[in-house]
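Sending over a structure as structure tokens; questions will come in a sec.
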There are 2 protein chains.
Amino acid sequence: MPRLSTRAASRSLRDPARVAASALAGGSDLESFHSWWDGRGRVDQMTVSRVALDDLAGWHTDAVTGDLRHETGRFFTVEGLDMRERGERDVHWTQPIIRQPEIGTLGILVKEIDGILHFLMQAKNEPGNVNGLQLSPTVQATRSNYGRVHGGKAVPHIEWFHRARPRQVISDVLQSELGGWCYRKSNRNMVIEIDADVEVSDGFRWLTLGQIQRLLTVPDLVSMDARTVLSCLPYTGPGMTRQYAAVSAFSAALVRSLDEGGTGLHTMDEVLHWITEARSRHDVATRGIALNDVSGWKRRHDVLAHESGAFFTVMGVAVWTGNREVSHWTQPMIEPVRPGLAAFLVQEFGGVLHVLVRAQPEPGTLTVVELGPTVQCVPGDLDALPTLARPRFLDAVQEAAQDRIRFDTVHSEEGGRFHHARTRYMVVETDGLGHRDVPPGYRWLTLSQLGRLLRHSHYVNVQARSLFAGLASLVGGNAP
Amino acid sequence: MPRLSTRAASRSLRDPARVAASALAGGSDLESFHSWWDGRGRVDQMTVSRVALDDLAGWHTDAVTGDLRHETGRFFTVEGLDMRERGERDVHWTQPIIRQPEIGTLGILVKEIDGILHFLMQAKNEPGNVNGLQLSPTVQATRSNYGRVHGGKAVPHIEWFHRARPRQVISDVLQSELGGWCYRKSNRNMVIEIDADVEVSDGFRWLTLGQIQRLLTVPDLVSMDARTVLSCLPYTGPGMTRQYAAVSAFSAALVRSLDEGGTGLHTMDEVLHWITEARSRHDVATRGIALNDVSGWKRRHDVLAHESGAFFTVMGVAVWTGNREVSHWTQPMIEPVRPGLAAFLVQEFGGVLHVLVRAQPEPGTLTVVELGPTVQCVPGDLDALPTLARPRFLDAVQEAAQDRIRFDTVHSEEGGRFHHARTRYMVVETDGLGHRDVPPGYRWLTLSQLGRLLRHSHYVNVQARSLFAGLASLVGGNAP
């Protein structure tokens with residue numbers, strides 16, 4: 001009966017045991033990867049130079065609103081946003097924000113090679129990258145770009161994603177972009193399995209999940225787009241304690257947390273209730289305003305910057321490349337002034353590792369609130385925010401003993417719109433926190449619960465997704 | 001150990017067997033309900049008269065934009081919306097729409113009486129109701145109204161919902177309002193269980209689910225707000241075939257569809273993939289515009305109407321009541337010109353009833369696409385929409401033989417903002433449709449799959465939720 005075999009196939013497709021097997025493979029074997037990577041770095045060069053906003057070719061500053069937009073009307077615009085929160089806290093600010101109403105596709109092709117899942121990754125240059133190439137998904141494409149608005153080359157491998165049959169889909173979910181800099185932007189995070197042979201050009205390479213996870217400990221190597229797609233893999237499910245051999249109390253607790261049989265402090269219904277409560281409690285209204293009307297920001301001929309010198313600037317770049325859909329362009333970008341920090345506190349309860357997530361409004365979030373890291377801030381900017389308290393748990397993260405830091409890597413945010421945007425991603429183990437005395441906006445979740453939320457859109461923000469991918473690596477490619 | 005007992009309590013709280021037991025109780029015993037209801041109808045009178053928009057006290061038409069808003073800035077506004085869809089279909093229109101950025105609370109208190117769940121329902125008058133009272137949730141309150149912007153009385157029982165402890169929560173989820181008339185409006189749908197005694201005034205009454213379900217067959221009696229809260233109850237779960245005695249092939253298939261062990265045509269992962277695909281395929285951009293800038297609509301001193309005479313008008317009412325937070329007010333309302341139709345086609349596959357849902361963009365929807373009924377339209381308005389084809393499956397619904405119509409009741413949409421807005425809700429059984437030859441925007445889902453989607457926000461639209469509550473009643477209060 002064809003129907004039953006389809007269902008059986010798609011069930012095993014999302015079998016977390018296959019993800020675990022790939023996570024345990026190849027992590028120590030990266031020599032040939034590095035020689036390929038170094039080779040790509042020599043071939044695939046991009047020259048990026050700063051250009052004043054007034055001098056960006058093809059981009060116009062609207063005479064009335066001050067908004068920055070491309071002459072075709074596509075790609076993205078830089079506009080203003082007014083964010084007002086009433087209720088238990090009264091907050092109001094305006095800021096520049098990127099608007100890009102299209103849904104992009106971030107996709108990784110997966111294939112079993114010698115019985116192990118391999119992921120087709122791409123060495124991709126972006127103008128905002130601090131170091132040129134980053135390890136990126138098989139495809140990352142907006143409609144503009146696969147619709148070839150800029151008249152460039154086709155995006156390789158995109159057809160696998162647009163023509164995927166249901167039985168090839170390991171994951172496919174819309175997830176939000178950075179809610180502090182982008183207004184209601186979502187991308188489609190897809191992992192598609194094929195068994196056909198694919199012609200792979202030299203910029204692409206099949207890697208095991210264990211290899212990619214190992215590379216997550218290298219600064220600025222695995223791109224934001226790759227990290228978010230990886231976070232949506234089926235890591236969790238019943239039976240995970242049989243898949244991973246735990247080598248420490250920490251990894252045993254982590255594995256039990258990936259296991260859906262593991263007992264959490266809260267049921268899934270309680271977690272969903274808490275999220276609804278948080279979304280209802282925050283009375284947030286955002287509205288688009290003219291970029292000229294953001295207050296505290298000053299447009300100069302070169303950049304748009306905050307008067308305090310904090311937060312970020314909107315700046316321009318000119319780009320030359322031999323290895324891209326088009327070989328020269330200019331564009332505005334957001335450049336943060338200082339690096340960010342995103343950290344999960346994790347703690348064991350009843351032998352099961354829990355992650356302390358925070359439900360906090362961000363201006364660009366579609367659903368008012370998504371779950372973010374325990375701490376998400378720009379430590380160097382805190383002085384410029386006198387009205388807001390120092391983030392809870394920042395001290396616990398910054399003062400953690402070295403042996404309690406389980407993950408600690410600086411990664412870059414997406415290099416297509418953000419220039420040198422770096423965030424320190426940390427996972428810090430604690431043991432002193434009672435599960436009941438965390439504030440109402442925080443909750444201890446198991447990894448299995450986070451994994452179940454990640455099957456749906458708009459629950460987990462992109463920083464928390466990066467951290468989730470990092471945490472999952474601690475029993476795979478980065479197991480001690 | 002208090003932690004474990006909390007979890008056990010909240011698990012059994014959502015036990016669908018308890019919902020089933022209540023659905024099977026009391027459905028034939030409505031005599032005392034009707035005498036209470038008739039009594040309420042005599043006591044709780046509301047006088048509603050039409051008032052020209054120009055003469056609405058407290059409401060202003062903005063001199064520049066034409067937007068209608070209350071002088072306090074609260075409640076809601078009537079503004080314009082520009083909806084543009086590109087891609088496989090090119091659609092563009094403008095229309096008036098209601099904006100109400102607050103999240104309201106729709107809540108039903110539940111209590112075990114003699115071992116059976118009872119629901120505290122309210123006989124509530126709304127100015128838009130065709131017949132005065134409708135059976136409504138225990139509370140329905142916007143922030144404006146429980147924050148007492150209009151200086152009225154407190155909303156009875158609201159504190160149970162705002163102070164609910166996790167172990168009291170049977171369901172709590174944000175769900176969308178009518179996406180054709182409201183812009184990105186969500187309400188919190190809550191069902192809270194208490195065991196304390198509650199003082200209940202004469203406008204309230206404890207009913208079994210079976211009684212409420214029986215009343216779903218009475219036209220214009222169970223309010224839209226009640227229907228949406230009821231749709232979020234935990235009807236589905238493993239073991240449902242033991243709970244309900246099936247008396248026909250249809251009810252046997254329906255019960256198997258509520259059972260999470262029942263085998264559907266598609267896995268849940270395939271369903272989620274299909275939803276992501278639909279949301280990504282539709283390239284929809286909506287933006288707020290001035291009400292004066294909607295084209296094809298004419299503002300007269302009395303109403304705002306479409307030039308074709310179709311769709312709806314924005315009109316005004318004056319209201320006098322002795323039984324409300326405030327006893328007199330005026331307000332604008334949306335009044336549809338003709339009644340709507342919302343219908344599910346249902347069909348058995350492998351002994352399990354499936355519902356044909358449609359993924360279709362609506363202008364006010366936060367996530368571009370939600371799942372709606374198989375057919376959702378205003379049949380009388382179709383002539384005014386020459387560019388759009390006649391809805392698929394409309395003929396199958398309108399020409400169905402009487403013995404294939406499983407549910408058929410006219411209900412009202414929410415009477416606080418919609419005046420005499422009536423929709424015919426139908427469930428029609430088919431058997432001639434192959435499961436593979438439905439168009440890409442349609443999918444056969446089991447009731448258990450719909451139930452699992454209803455635990456989350458923004459998957460199922462309000463018309464489909466009403467139909468889901470109606471379908472679930474066919475094994476409970478409305479079992480043959």
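Could I have the simple spin-label model distance between A:HIS328 and A:ARG165, label points 7 Å from Cα toward Cβ, reported in nm to one decimal?
Spacing of the two 7 Å Cα→Cβ label points: 4.7 nm.
Ignoring ligands, DNA and RNA, how much accessible area is buried between chains B and A, both sides summed, with a 1.4 Å probe, to the nearest 100 Å²?
Interface between B and A: roughly 4000 Å².
Please state the shape class of segment B:266-339: rounded when a/c is under 1.5, otherwise prolate if a/b exceeds b/c and oblate if not, all from the C-alpha gyration tensor. Could the numbers behind the result be given before it?
Working: a/c = 2.97, a/b = 1.67, b/c = 1.78.
Here segment B:266-339 falls in the oblate category.
Report A:GLU71's accessible area, 1.4 Å probe, all protein chains in place, as a number in Å² to the nearest 10.
For A:GLU71, solvent-accessible area is about 130 Å².
So who's got an amide H within less than 5 Å of the one on B:TYR459, skipping anything under 5 residues away but keeping other chains? H placed 1.01 Å off N, in plane.
Residues meeting the criterion, in which the H sits 1.01 Å from N, do not exist here.
Round to the nearest 10 and report in Å² the accessible area of B:VAL110, as given by a 1.4 Å probe over the protein chains' heavy atoms.
Result for B:VAL110: roughly 0 Å² accessible.
Taking accessible area as the heavy-atom solvent-accessible surface of the protein chains with a 1.4 Å probe, which residues of segment B:264-280 lose no less than 30 Å² upon going from the isolated chain to the full protein assembly?
Going by heavy-atom accessible area, the residues of segment B:264-280 that drop by at least 30 Å² are B:LEU265, B:THR267, B:ASP269, B:GLU270, B:LEU272, B:HIS273, B:THR276, B:GLU277, B:ARG279, B:SER280.
In peptide B:285-292, how many Cβ atoms from other protein chains are near each Cβ within 10 Å, on average?
Mean inter-chain Cβ contacts per residue within 10 Å come to 1.
Sort A:241-249, A:94-102 for me by packing, meaning the mean count of neighbouring Cβ atoms within 10 Å per residue, highest on top.
Put in order of decreasing packing, that is A:94-102, A:241-249.
Keeping every protein chain in place, order A:HIS420, B:HIS60 by accessible area at 1.4 Å, biggest value first, i.e. largest first.
Largest to smallest exposure gives the sequence B:HIS60, A:HIS420.
With all protein chains present, how much of the accessible area of the protein assembly as shown (probe radius 1.4 Å) comes from carbon and sulfur, to the nearest whole percent?
Reported share for carbon and sulfur atoms: 48 percent.
For segment A:356-448, what class follows from the C-alpha gyration tensor (a ≥ b ≥ c being the square roots of its eigenvalues): rounded when a/c is under 1.5, otherwise prolate if a/b is larger than b/c, else oblate?
Here segment A:356-448 falls in the rounded category.
Moving on to the next point. Between copies, how close do the A:VAL198 label points come, placed 7 Å along Cα→Cβ, listed in nm from shortest?
So the distances to the same position in the other copies read 5.5 nm.
Ranked highest first by average number of other Cβ atoms within 10 Å, how do A:44-56, A:154-166 line up?
Final packing ranking: A:154-166, A:44-56.
Filter the cross-link list A:LYS185/A:LYS298; A:LYS124/A:LYS185; A:LYS185/B:LYS298; B:LYS124/B:LYS185 down to pairs whose alpha-carbon distance in this structure exceeds 30 Å.
Table pairs above 30 Å Cα-Cα are A:LYS185/B:LYS298.
Hey, for B:VAL247 with labels 7 Å out along Cα-Cβ, what do the inter-copy distances come to in nm, ordered shortest first?
When each copy's label point is compared with this one, the spacings are 6.5 nm.
Please give the average number of partner chain Cβ atoms lying within 10 Å of the Cβ of each residue in B:209-220, rounded to a whole number.
Mean partner shielding for this stretch: 0.
Then there's this: Helix-only estimate, please: 222 nm mean residue ellipticity of chain A, summing -39500 (n - 2.57) across DSSP H runs of length 4 or more and dividing by its residues, to the nearest 500.
-6000 deg cm²/dmol
Further question on the same structure: Cα to Cα, under 17 Å, and not fewer than 8 places away if on the same chain: which aspartates and glutamates meet these conditions relative to B:LYS111?
Within reach: B:ASP15, B:GLU159, B:ASP172, B:GLU193, B:ASP195, B:ASP197, B:GLU199.
Given the whole protein assembly as supplied and a 1.4 Å probe, what does the accessible area of B:TRP206 come to in Å², nearest 10?
Approximately 60 Å² for this residue.
Just to confirm the numbers: B:VAL43, label point 7 angstrom along the Cα-Cβ line, distances to the other copies in nm, shortest first?
Taking the point 7 Å beyond Cα along Cα→Cβ, the inter-copy spacings are 8.3 nm.
Next up: Rounded, prolate or oblate: which one fits segment A:94-238, using the alpha carbon gyration tensor with axes a ≥ b ≥ c (rounded when a/c is under 1.5, else prolate when a/b beats b/c, else oblate)?
Because its axes are fairly even, with a/c under 1.5, segment A:94-238 counts as rounded.
Give a residue-ordered list of calculated ³J(HN,Hα) values for segment A:455-463 (Karplus: 6.51 cos²θ - 1.76 cosθ + 1.60, θ = phi - 60°; whole Hz; x for Gly, Pro).
6, 10, 7, 6, 9, 10, 6, 6, 5
If you don't mind, another one. Using the alpha-carbon centroid of each, what span in Å lies between segment A:71-93 and segment A:448-480?
Cα centroid to Cα centroid, the span is 28 Å.
Could you report the protein assembly as shown's accessible area per residue, 1.4 Å probe, as an integer in Å²?
Working: 35750 Å² over 960 residues.
With all protein chains present, the protein assembly as shown gives 37 Å² per residue.
Something else: Applying the Karplus parametrisation 6.51 cos²θ - 1.76 cosθ + 1.60 with θ = phi - 60° to the phi angles of segment A:353-370, what ³J(HN,Hα) value in whole Hz is obtained for each residue in order, glycine and proline being reported as x?
Residue by residue, segment A:353-370 yields 5, 10, 10, 8, 9, 10, 9, 9, x, 10, x, x, 6, 5, 9, 6, 10, 10 Hz.
The values are calculated or read from the model by the stated rules, or taken from the named source; none is laboratory data. None of these values were measured; they are calculated from a predicted model. Here the Cβ is made from the backbone with ideal geometry for all residues, glycine too, and neighbour counts use every protein chain on show. These area figures cover heavy atoms from the full protein model, side chains too; ligands, DNA and RNA do not enter into them. Shrake-Rupley method; radii C 1.70, N 1.55, O 1.52, S 1.80 Å.
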